[in-house]
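Q: Sharing a structure with you now.
Read-outs throughout are calculated quantities, based only on the coordinates presented, and are distinct from any laboratory measurement. All figures in this text were calculated on a predicted structure; none of them were measured in a lab. Every residue, glycine as well, gets a Cβ built from its backbone with ideal geometry; the counts of neighbours run over all protein chains shown.
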Amino acid sequence: MKALATVRKILSNDRHATRLLVRALVCASLGSLMLPIPIVVIWKMFTLFHAGETAQSFLGLGGVAFAAIVAYSVLTVGASANAHRAAFGLSTTISTALVEHIGRVPLHWLANISNGELKKRMSHDVNQIENFIAHNLTDLVAAVTLPSVTIPILFFVNWQLALIMLLIIVAASFVQFRAMTAMHKSNLMQEYFSAMGTLHGDAVEYVQGMPDIKIFNRSEESLSRMQVSINRFKEIQTKGRKLTLRPWTIFTTALSMPFAVLAVAGAYLHKYHQLPFEDVILFIVLGVVTFVPFKRLMRFVTFLWRASTGYSSVNQLLAVDVDQVGDRHRSEVLSADLAVNGLNVSYGDKQVLHDISFTAKEGTVTAIVGPSGAGKSTLAAAIAGLERIQGGTVTVGGIPLRDFAPGELSKVMSVVYQKPFVFSGTVRENICLGSESSSDEAMREAAAMVQCDTLINSFPDGYETRIGAGGSVYLSGGQTQRLALARMALRNAPVVLLDEATAFADPESEATIQKGLSNFLSDKTVLVIAHRLPSIARADNILVLDNGRIVESGTHETLMAKGALYSSMWNAYHTARSWMLTTDTASDIPHHNNQGRPEC
Ligand SMILES: Nc1ncnc2c1ncn2[C@@H]1O[C@H](COP(=O)(O)OP(=O)(O)OP(=O)(O)O)[C@@H](O)[C@H]1O
């Protein structure tokens, strides 16, 4: 019953898949009804032969057997094809729902789940459901339909041998049922899946961290965490094996016995009770044919568990609250003034932004600076709508950002990060992300503005060159940033947020990029997160963050005249730039003043 409920729940996601699966199950059950026919026909032939019948009647029977074999083959192929189509359709539906949902869940939720765990849920768990629908349900139907036909036939022919067969099936099923119940009570399957999730997560982290691990020669230490996950996984598998080994052995042995048991019992009945020889052969052959699919029931239970655990893990993912979306459009934005009011952001119990308020006027540049860990990136993410805020609002032209319809926010605000994402595809596809309908000319202009066109034209296929994973050209950090800036320029949103967007560029290219950008940005509302202070010295307004609060604001001149945090950061920056890297004395090593900030 529970199995049925699970299957029903899984199928409720896709009506077309349900129809295909019903078709597959009908084919599977009709196919298994065909299977005993040739065997019964051969038995009948033997019987007629002993009764001295003519070859004429054999021909008709042979035709029936042939037709049954053809029907069996066609129906089995039909069952498998429909079940696979249903499975692929369903897994596409579930995967699409997952991808769409993941795109809408808050970034902070994604930051707290490991890549491996997410990958396991989106790929491995979906595969479990797919495999179950593709193979196991048709197996189950065949395993149940076949005995329901063969056992009555055998009872009709000889009830004693049929009873022996039935007893073997009942005994094997009982042992199997006990094993299943024990497994269910032990909660082992849940532990198995959770351990597998951890193992996936640790493996991905291990591979991603490989460069640092190698540089610092920490492979053994880093492996030890993964080793713990591997051992835990092995432990659970061993526990499961111990729990199922005995019943599984009894079950498979019992189901392998019919040949021997029926042969001995048949020989005895043949000798002492005149059971015709052909009846003994019929029992042995039909018995073996009945037991083989029945064995698959064991696999069915295991796969049902996997599919149902995979399904609940997928459902947990789909149940994660998504960000609220509205219905306002870019066309409703009449001014590009950005206003942040009373913004609070926490990570768990830790509040990292406290009551942040400021206004950035259209056509101005606002810079956000502050010591490491002050909250600059968190503020940028919260403004871009990528971080869940606990209080406050962010508006553009008076419209709260959360009121924009999906897809509209990116037309209002462009964000360029220090490490932008390059997906696997052509340079053109990467630049046109979010502006797919742009003309070729507009795309080239955008690329030229950020000094990217000469670079792209030097690639083997120009704008059609494939980049990202598996691409023919590998982009450096600075080149990737320029590509992201071209993407931003093409999108032409009225508000632009640059989070260390030119950090990887060499000084010469940075100056050229800045020059190219300054024209483009002149009518935009620009927000810059910066670590290198000279790059923002000419900003219209500089906000200085410290411990999640705005502690100072103003132009470079007013902040320098104030002689507080900004000016000390500025001085520290310039002192640091004048350092010479030497190996002879310890006097060049920076020490900290009593406020914890580096100074020379
Ligand atoms: N995903 C997160 N989970 C928990 N805490 C976080 C998370 N991201 C950032 N923090 C914490 O929030 C605080 C602000 O971090 P943030 O990255 O915004 O600082 P920052 O000013 O950008 O620092 P930096 O200049 O070094 O990049 C830090 O104390 C950091 O530990």
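Q: Using only the alpha carbons of the stretch 330-592, determine the length spanned along each of the three principal axes and report them from longest to shortest in whole angstroms.
A: 55, 51, 36
Q: Let me have the relative contact order for the stretch 377-494, percent, based on Cα pairs under 8 Å that are six or more residues apart.
A: Worked out over the stretch 377-494, it gives 33 percent.
Q: Now for a separate question. Mind checking the full-extension length gain between Ala564 and Ser372? Use 0.36 nm per residue of separation minus the Cα-Cα distance, one decimal, nm.
A: Residue separation times 0.36 nm, minus the Cα-Cα distance, leaves 67.4 nm.
Q: Using only alpha carbon pairs under 8 Å that are at least six residues apart, calculate the relative contact order of the chain and give it in whole percent.
A: Relative contact order for the chain comes out at 13 percent.
Q: Quick check on the chain: helices-only [θ] at 222 nm, where DSSP H runs of length 4 and up contribute -39,500 (n - 2.57) each and the sum goes over total residues. Nearest 500, please.
A: Result for the chain: -20000 deg cm²/dmol, rounded to the nearest 500.
Q: Within straight cross-link reach of Lys271, meaning Cα distance under 26 Å, which lysines are found once same-chain residues fewer than 8 apart are removed?
A: Result set, ordered by chain and number: Lys44.
Q: Moving to a separate point now. Farthest toward the dipole's positive end in the chain, which of Ser308, Ala142, Leu334, given Cβ charges of +1 (Lys, Arg) and -1 (Asp, Glu) about the Cα centre?
A: Farthest towards the positive pole: Ala142.
Q: How big is the Kirkwood radius of the chain, worked out from every pair of different alpha carbons and given in Å to one decimal?
A: For the chain, inverting the mean 1/r across all distinct Cα pairs yields 30.4 Å.
Q: Take the alpha carbon atoms of the stretch 42-75, find their center, do the same for the stretch 379-453, and report the distance between the two centers in whole angstrom.
A: Spelled out, the Cα-based centre of one part sits 73 Å from the other.
Q: For the chain, return all DSSP H helices satisfying: extent of Cα atoms along own axis at least 27 Å; mean Kyte-Doolittle hydropathy at least -1.0. Kindly include the intermediate steps, with their values, before the conclusion.
A: Numbers: long enough: 15-34 (29 Å, 0.89); 55-102 (70 Å, 1.05); 137-157 (31 Å, 1.93); 159-186 (40 Å, 1.27); 188-208 (30 Å, 0.03); 219-256 (49 Å, -0.50); 277-318 (61 Å, 0.98).
Flagged H segments are 15-34, 55-102, 137-157, 159-186, 188-208, 219-256, 277-318.
Q: What distance in nm separates the two pseudo spin-label positions at Phe423 and Gln316, each 7 Å out from Cα along the beta-carbon direction?
A: 2.7
Q: Over the alpha carbons of the stretch 2-318, what is the largest minus smallest coordinate on each principal axis, giving the biggest first in Å?
A: Here the spans come out as 87, 41, 35 Å, largest first.
Q: Given the pairs Lys239/Lys295; Lys120/Lys239; Lys350/Lys411; Lys234/Lys350, which are separated by over 30 angstrom at their Cα positions? Intermediate values should be presented prior to the final figure.
A: Details: Lys239/Lys295 23 Å; Lys120/Lys239 22 Å; Lys350/Lys411 32 Å; Lys234/Lys350 37 Å.
Going by Cα-Cα distance, Lys350/Lys411; Lys234/Lys350 fall outside the 30 Å limit.
Q: Turning to a different aspect of this structure: Mind checking the stretch 374-473 for GluC sites (Glu not before Pro) that DSSP puts in a loop (not H, G, I, E or B) and that have at most 16 other Cβ atoms within 10 Å?
A: Within the stretch 374-473, the qualifying GluC sites (Glu not before Pro) (loop, at most 16 other Cβ atoms within 10 Å) are Glu436.
Q: If you don't mind, another one. Scan around Arg328 for amide H atoms under 5 Å from its own, H built in the peptide plane at 1.01 Å from N, and keep only partners 5 or more places away or cross-chain.
A: Residues meeting the amide H criterion: Phe404, Ala405.
Q: Sticking with this one: Using Cα pairs closer than 8 Å and at least 6 residues apart in sequence, work out the relative contact order for the stretch 2-318, in percent.
A: Reported as a whole number, the value is 28 percent.
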